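Right, one structure below, let's go through it.
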Amino acid sequence: MLAKAAPFLFVLLWSTGFLGAKFGLPHAEPLAFLFVRYLLVIALMTSLALAWRAPWPKDRGQWLQIGISGLLVHALYLGGVFVAIGMGLPAGITALVVGLQPLLTATVAGRLLGEAVLPRQWLGLGLGFVGVALVVAHKIGAGFALDALWPAFAALLGITAGTLYQKRFSPHFDWRSGSVAQFLPTAIVTGALVFATDSFRIEWTGEFVFALGWLVLVLSIGAISLLNWLIRHGSAVNVASLFYLTPPTTALLAWLLFGETLSGLALVGMALAVSGVYIARR
């Protein structure tokens, strides 16, 4: 049951990340927001690991491997996305840049992991990217600084390298203590950047507290735990293809919760994205 439900639940939870950006970023600097988020996750997951006597990484090598995957997936990916949006990069362009991740993963998975990418998987990944492009087309604006693209490309490299590295070197770890090992170096690096750039600005409004709580509990604990489980039990390409479903799901949630419009082009894109993921994961 978990194997069948995990991909759908992961996509749903991961897609709600826009709630945190929508309500939290107007009240905090991007990196300061993430730094506080990481500290809360470490505190909660340490408490859970100690209370449930979860096994901890056995040696420094295992701590290092899990920590590197955390730096790539959390510090580089989340930091890049939040900084890009904070610099004014439209959400549509951010989604398109990060949406290259499944194709990039398939390109290097064979050499790094020995996974054979079948022609039908390439077809599915191509359809999925076209679908994502159609879904976010109406959100692509023209007014932004080209410098804002660099954090988005850094996020793309982070999520791609992070999932591949974790699949190759540290696929098996306890979801409670492993989260601490992932988020601890992430918090250290992010905190150093925050204080080095003197960008620790947070307005503790009700909206910010809601966004922070949502991202900590639903994203950093719920969705990330599911992502770690999927990486452990599935191929890198299959896991990466799920990220094509997050922009359509986000658009659907925005329509349901905030009344945002869904164009005919977006609906066609949703159908293509779902079809592409189905073909790639069949």
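The values are calculated or read from the model by the stated rules, or taken from the named source; none is laboratory data. Just so you know, these numbers come straight off a predicted model, no measurement behind them. Methodologically, a virtual Cβ is constructed for each residue, glycine included, from the backbone with ideal geometry; neighbour enumeration extends over all protein chains shown.
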Cβ pairs under 9 Å, 6+ apart or interchain, first in region 4-28 and among the charged types (D, E, K, R), second part of a helix (DSSP H, G or I), ordered by first then second residue, are K22/E207; K22/A211; K22/A254; K22/F258
Checked region 208-234 for anything in contact with a Pro (Cβ under 9 Å, 6 or more places away or on another chain) and either loosely packed, with under 15 Cβ neighbours inside 10 Å or hydrophobic (A, V, I, L, M, F, W, C) (or both); matches are F208, L226, L230, I231, H233
_For region 93-107, check the following and say yes or no: at least one residue is hydroxyl-bearing (S, T, Y) and at pLDDT 95 or above._
no
Would you mind stating whether A152 is out of contact with any Ser or Thr (no Cβ under 6 Å at 6 or more places or on another chain) and crowded, with 17+ Cβ neighbours inside 10 Å? no
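Conditions tested, residue by residue: (1) closer than 29 Å to L230 by Cβ; (2) among the aliphatic types (A, V, I, L, M); (3) in contact (Cβ under 8 Å) with a residue 24 or more places away in the chain.
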position	(1), (2), (3)
G131	yes, no, yes
V136	yes, yes, yes
D147	no, no, yes
K167	yes, no, yes
L184	yes, yes, yes
Of L257, L265, L272, the only residue that is more than 20 Å from the chain's Cα centre (by Cα), over 26 Å from A6 (Cα atoms) and surrounded by fewer than 23 Cβ atoms within 10 Å (Cβ to Cβ) is L265
Of all helices (runs of 4 or more DSSP H) fully inside region 118-234, the set with 1 or more residues that are touching a helix residue (DSSP H, G or I) at 6+ places or on another chain (Cβ under 6 Å) and under 29 Å from A280 (Cβ atoms) is 119-136, 149-169, 177-197, 224-233
For region 56-101, the count of residues that are under 23 Å from V239 (Cβ atoms) and acidic (D, E) equals 0
**Message:** Given the condition part of a helix (DSSP H, G or I), surrounded by 20 or more Cβ atoms within 10 Å (Cβ to Cβ) and aliphatic (A, V, I, L, M), answer yes or no: does some residue in region 51-60 qualify?
**Reply:** no
Inside region 231-250, the number of residues satisfying the requirement of being more than 14 Å from A106 (Cα to Cα) and without any contact (Cβ under 8 Å) to a residue 60 or more places away in the chain is 0
Filtering region 49-90 down to residues that are of a type outside the set (F, W, Y), within 14 Å of F173 (Cβ to Cβ) and in contact (Cβ under 8 Å) with a residue 40 or more places away in the chain yields A49, A54, P55, P57, Q62, Q65, I66, G67, I68, S69, G70, V73
